[in-house]
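To start, the structure under review is shown below, and the notes come after it.
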Amino acid sequence: MASVVFKGKVYPLRFDMYAMEQIEDEYGSMKKVFQELQDGSQLKATRFLFKVLANSYRSFAGEPENVTGNEIRHAGIHEIREVSAAIRAAIEEGTRSETTGGGEADDEVHDAYLEEIERKN
């Protein structure tokens, strides 16, 4: 399970249909949030995705959804990189788990995003 530690608190992150619906409600499509991450509005998108993925995990675990995104408002560059890495890991985990009957996930948006991550690393 992808997670990030910030100010001594562990925030598990989960990328699933619940998270995807929230992202689509905010951005209109998954592709738009991923484009924003790539096009330089990374801080806003990172903070939003942190909130959504942390609350998705909390909802899945039957806990109250009380992560606002303000938890990382005063993060430094190193901490932002750690949050971004945890977000990427959660998306990769969620994408891998989106299989049916043992087949590969068929989602071009996720595949393109993961390919972009690999090129940058």
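The values are calculated or read from the model by the stated rules, or taken from the named source; none is laboratory data. Everything numeric in this text was worked out from a predicted model, so none of it was measured. Because the Cβ atoms are built from the backbone with ideal geometry, glycine has one as well, and the counts that use them run over all protein chains shown.
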Of the residues in the range 3-34 that are buried (at least 18 other Cβ atoms within 10 Å of the Cβ) and without any contact (Cβ under 8 Å) to a residue 24 or more places away in the chain, the one that is nearest to ARG96 (Cα to Cα) is MET20
Per the list (1) within 11 Å of the chain's Cα centre (by Cα); (2) within 14 Å of ARG88 (Cα to Cα), residue check on ILE23 breaks on (2)
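On the given criteria, is PHE60 modelled with pLDDT of 90 or more and of a type in the set (A, V, I, L, M, F, W, C)? First the steps, then the outcome.
Values: modelled with pLDDT of 90 or more: yes; of a type in the set (A, V, I, L, M, F, W, C): yes.
Yes: the conditions hold for PHE60.
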In the range 64-84, residues that are of a type in the set (A, V, I, L, M), closer than 23 Å to GLU21 by Cα and free of Cβ contacts under 8 Å to residues at least 60 places away in the same chain total 1
Residue hits (the range 7-19; closer than 19 Å to GLU63 by Cα and not small (Gly, Ala, Ser)) are LYS9, VAL10, TYR11, PRO12, LEU13, ARG14, PHE15, ASP16, MET17, TYR18
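Does ASN55 satisfy being at pLDDT 95 or above, more than 9 Å from the chain's Cα centre (by Cα), in a helix (DSSP H, G or I) and farther than 12 Å from VAL4 by Cα? Lay out the reasoning, then the answer.
Working: at pLDDT 95 or above: yes; more than 9 Å from the chain's Cα centre (by Cα): yes; in a helix (DSSP H, G or I): yes; farther than 12 Å from VAL4 by Cα: yes.
Answer is yes for this residue.
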Apart from one, (1) crowded, with 19+ Cβ neighbours inside 10 Å; (2) at pLDDT 95 or above; (3) not basic (Lys, Arg) all hold for ASN66; the odd one out is (1)
